[in-house]
Amino acid sequence: MAGGRFSLDLARPSRQHWLGYILLAPAVLLIAAIIIYPLFVSVDLSFQNVGIARLDQPRRPFTTANYERLFTSPDFWNACWVTLKLIVIVTSACCLLGLGTALLVNNRFKGRSLARLFVAMPWAVPEVIAVVIFAWIFDSSFGLMNWIFLSLGFIDKTINWFSDPTAAFAVVATTMVWKGYPFVSIMCLAGLQSIPDDYYAAARVDGANAWQRLIHITRPNLRPVLGVTTILVMLWIFRDFSIIYVLTGGGPLKATQTLSIMTYEQAFGFFRMGYASAIGVVTLIICVIAAKLMMSRAPENL
Amino acid sequence: MRQSPLARLFIYASVILTCAVLLFPIYWLVVTALSQPDQLRQLPPKFWPDEPRWSVFGKILEERPILLWLGNSALAALGAVTISMVVSVLAGYSLSRFRVRGGQSLGLFILTAKMLPATLLVIPLFGIFRMTGLIGSLWSIILAHATLIIPFTTWMLKGYFDTIPRELEQAAMVDGCSPWGALVRVILPVSAPGLAATALYGFVLSWSDYAYARTFLTNAQGNWTANLGITTMKGEYISNWADISAAAILVALPILAIYLFLERYLVGGLTAGSEK
């Protein structure tokens, strides 16, 4: 290679070069080894009656029992319902809060760069730490939330947040909103800043008030960013493991057991890895559909 | 463009109120850590401890191997980021500059891989790592974290490379640089901010992981990461919230510091990576 001369014209439309393949090779090999191969193992396991995955033993006979069991299991449909509820509630709250904070700190005022930093700060708090914070705020005996609710007269005796199904769901949702809204805020702020000031200036000249500017300029210009962000937030809730697992473990009475939690519980709680893989594969199919949806929403970015 | 004083007052009031509400949980974590343990079992709660107990951090560092956990987290993150960066710099450059057969579908696959649930991959990886004897070793999470990081970093870097004009490499090659030389001597120095942002983002992803560490390292106490260590403290029979909070602050501090001082890089990477 040393001293060799290359007549590589990168501007040419058909740029093919062996270097392109060589550069790609490490990524292909590594992705094949740590993502694609495991995915195949997962699919394979889901068609076997396996307790603990052992790859050094001959595979068990092919069976669709895991899937039959899955689709007839009330736990599975319960997990789907919990996941859906969580996605709808947390996504809407994250988007409202994220959009609101982004609009707020997009105003001109002194110290706004500091305000922008603060408003999205929960993004930088690891999920497990957010769980520690909210587990204590919602502590049944000495938690702040019970005290606030009691002093305001909302309740007359303390709520046992982690043994009541509805209350536990509310705690999980609150924690996820707090952890999730900053991402929406950051994305929306970036979207807002990419709208040229001229649009607003022109609208002002034409006599549009603040509300009209929001509806006719901000809204349509922000829509693509908000669409992609919404899907990313939904996928995050869909996949999330640590917040729910550490906060409630999926309980009480499976009230916070999403598909992710159910997969993990079956695999590493009950050691039914074949069954768990079947849940995981169904989860994956839903994810792929969502990913496709996202790509069709944002074609210009691909 | 002048705002009326009333409008300005309204904006300041809303900003301060919003930040106060949204950041209260972080404030409460600090207050809890600095309170005397018996004070936490009193109502009404105190919103600032009478005598802030700064010694709690020294105490918790002595009682728990938090430095070990932080060190493990850092090692795992550095390992995973190093592997991911080397691999994705090359792949991102290739996807950005060369027309490679299958490159498009690889790009699409990587995009989809960002959405894979960890709970799905964790089962086969558990089997694979058991067979290869990696369970309990830091290598298990270094490799697993790479599955989290590579899809992000490859797309982020491709995005950065796309913004660099091709004429730059052409000029270098006219001057006698090989394509490889152009990458190393021209493109990489120019994209240093992008590389930093990408690496930081990967670091945050790795540092925040809990699922993989919980699965692969639970029985290897010496290799616990910070997040795993913290959750074992929470699971104890009597939770000492002051101690847990102090430990939580120490664990959250590195990422918070990165965020507060390098926010520009991190957020730039976040938005660039997510639009792709």
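I'd like the residue in the range A:200-241 that is out of contact with any Leu (no Cβ under 8 Å at 6 or more places or on another chain) and hydroxyl-bearing (Ser, Thr, Tyr) and, out of all such residues, is nearest to the other protein chains (Cβ to nearest Cβ).
A:THR229
Go through the range A:120-142 and give me each residue that's facing chain B (nearest Cβ under 7 Å) and more than 14 Å from A:GLY180 (Cβ to Cβ).
Of everything in the range A:120-142, those that are facing chain B (nearest Cβ under 7 Å) and more than 14 Å from A:GLY180 (Cβ to Cβ) turn out to be A:VAL128, A:ILE129, A:VAL132, A:ILE133, A:ALA135, A:TRP136, A:ILE137, A:PHE142.
Please go through (1) buried (at least 21 other Cβ atoms within 10 Å of the Cβ); (2) in contact (Cβ under 8 Å) with a residue 12 or more places away in the chain; (3) closer than 28 Å to A:ALA255 by Cα; (4) touching a helix residue (DSSP H, G or I) at 6+ places or on another chain (Cβ under 7 Å) for A:TRP136 and return the number of the only condition it doesn't satisfy.
That leaves (2) as the condition not met.
Determine, yes or no, whether B:ILE142 is more than 30 Å from A:LYS292 (Cβ to Cβ), assigned by TED's automatic domain parsing to the domain that holds B:ILE255 and not in a helix (DSSP H, G or I).
Against the criterion (more than 30 Å from A:LYS292 (Cβ to Cβ), assigned by TED's automatic domain parsing to the domain that holds B:ILE255 and not in a helix (DSSP H, G or I)), B:ILE142 does not qualify.
Restricting attention to the range A:31-73, and to residues there that are in contact (Cβ under 8 Å) with a residue 40 or more places away in the chain and in contact with a Gly (Cβ under 7 Å, 6 or more places away or on another chain), which single residue is nearest to the other protein chains (Cβ to nearest Cβ)?
A:ALA53
Restricting attention to the range A:207-226, does a residue exist that is in contact with a helix residue (DSSP H, G or I) (Cβ under 9 Å, 6 or more places away or on another chain), closer than 30 Å to A:ALA167 by Cα, of a type in the set (S, T, N, Q) and buried (at least 19 other Cβ atoms within 10 Å of the Cβ)?
So far as the range A:207-226 goes, no, none of its residues is in contact with a helix residue (DSSP H, G or I) (Cβ under 9 Å, 6 or more places away or on another chain), closer than 30 Å to A:ALA167 by Cα, of a type in the set (S, T, N, Q) and buried (at least 19 other Cβ atoms within 10 Å of the Cβ).
Can A:ILE133 be described as within 30 Å of B:ASP38 (Cα to Cα) and in contact with a Pro (Cβ under 7 Å, 6 or more places away or on another chain)?
Considered against the rule, which asks whether it is within 30 Å of B:ASP38 (Cα to Cα) and in contact with a Pro (Cβ under 7 Å, 6 or more places away or on another chain), A:ILE133 comes out as yes.
Restricting to the range A:261-286, what's the tally of residues that are more than 22 Å from B:ARG130 (Cα to Cα) and free of Cβ contacts under 8 Å to residues at least 40 places away in the same chain?
1
Condition check: surrounded by fewer than 22 Cβ atoms within 10 Å (Cβ to Cβ), in the same structural domain as B:ALA74 (by TED's automatic domain parsing) and in contact with a helix residue (DSSP H, G or I) (Cβ under 6 Å, 6 or more places away or on another chain). Does B:GLU263 satisfy that?
Judged against the criteria, B:GLU263 is a match.
Give the residue that is nearest to the chain's Cα centre (by Cα), with candidates limited to residues of the range A:213-261 that are part of a loop (DSSP other than H, G, I, E, B) and of a type in the set (S, T, N, Q).
A:THR258
Report those helices (runs of 4 or more DSSP H) wholly inside the range B:24-122 carrying at least 1 residues which are within 11 Å of chain A (Cβ to nearest Cβ) and modelled with pLDDT under 95.
Qualifying helices (runs of 4 or more DSSP H): B:66-97, B:103-113.
For B:ALA192, only one of the following conditions fails: (1) free of Cβ contacts under 8 Å to residues at least 60 places away in the same chain; (2) touching an Asp or Glu at 6+ places or on another chain (Cβ under 8 Å). What is its number?
So B:ALA192 meets the others, but not (2).
When the range B:81-115 is examined, which residues are found to be aromatic (Phe, Trp, Tyr) and crowded, with 18+ Cβ neighbours inside 10 Å?
Once the filter is applied, which keeps residues that are aromatic (Phe, Trp, Tyr) and crowded, with 18+ Cβ neighbours inside 10 Å, the range B:81-115 yields B:TYR93, B:PHE98.
Residue-wise test of (1) in contact (Cβ under 8 Å) with a residue 60 or more places away in the chain; (2) within 24 Å of B:PRO151 (Cβ to Cβ).
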residue: B:ALA197; (1), (2): yes, yes
residue: B:GLY202; (1), (2): yes, yes
residue: B:ARG214; (1), (2): no, yes
residue: B:GLY222; (1), (2): yes, no
residue: B:THR225; (1), (2): yes, yes
residue: B:THR232; (1), (2): no, no
residue: B:GLU236; (1), (2): no, no
residue: B:SER239; (1), (2): no, no
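Please count how many residues of the range A:27-48 are in a helix (DSSP H, G or I) and over 15 Å from B:GLY102 (Cβ atoms).
The total comes to 14.
Go through the range B:123-161 and count every residue that is buried (at least 24 other Cβ atoms within 10 Å of the Cβ), within 7 Å of another protein chain (Cβ to nearest Cβ) and hydroxyl-bearing (Ser, Thr, Tyr).
So the answer is 1.
If I go through the range A:85-97 residue by residue, how many of them are aliphatic (A, V, I, L, M) and free of Cβ contacts under 8 Å to residues at least 60 places away in the same chain?
2
Among the residues of the range A:267-283, is any facing chain B (nearest Cβ under 8 Å), at pLDDT below 85, surrounded by fewer than 24 Cβ atoms within 10 Å (Cβ to Cβ) and within 20 Å of A:GLU127 (Cβ to Cβ)?
no
Which one of A:VAL82, A:VAL128, A:VAL105 is buried (at least 16 other Cβ atoms within 10 Å of the Cβ), touching a Phe, Trp or Tyr at 6+ places or on another chain (Cβ under 6 Å), of a type in the set (Val, Ile, Thr) and in contact (Cβ under 8 Å) with a residue 24 or more places away in the chain?
Of A:VAL82, A:VAL128, A:VAL105, the one residue that is buried (at least 16 other Cβ atoms within 10 Å of the Cβ), touching a Phe, Trp or Tyr at 6+ places or on another chain (Cβ under 6 Å), of a type in the set (Val, Ile, Thr) and in contact (Cβ under 8 Å) with a residue 24 or more places away in the chain is A:VAL128.
The values are calculated or read from the model by the stated rules, or taken from the named source; none is laboratory data. In this text, all values refer to a predicted model and were calculated from it rather than measured experimentally. Every residue, glycine as well, gets a Cβ built from its backbone with ideal geometry; the counts of neighbours run over all protein chains shown.
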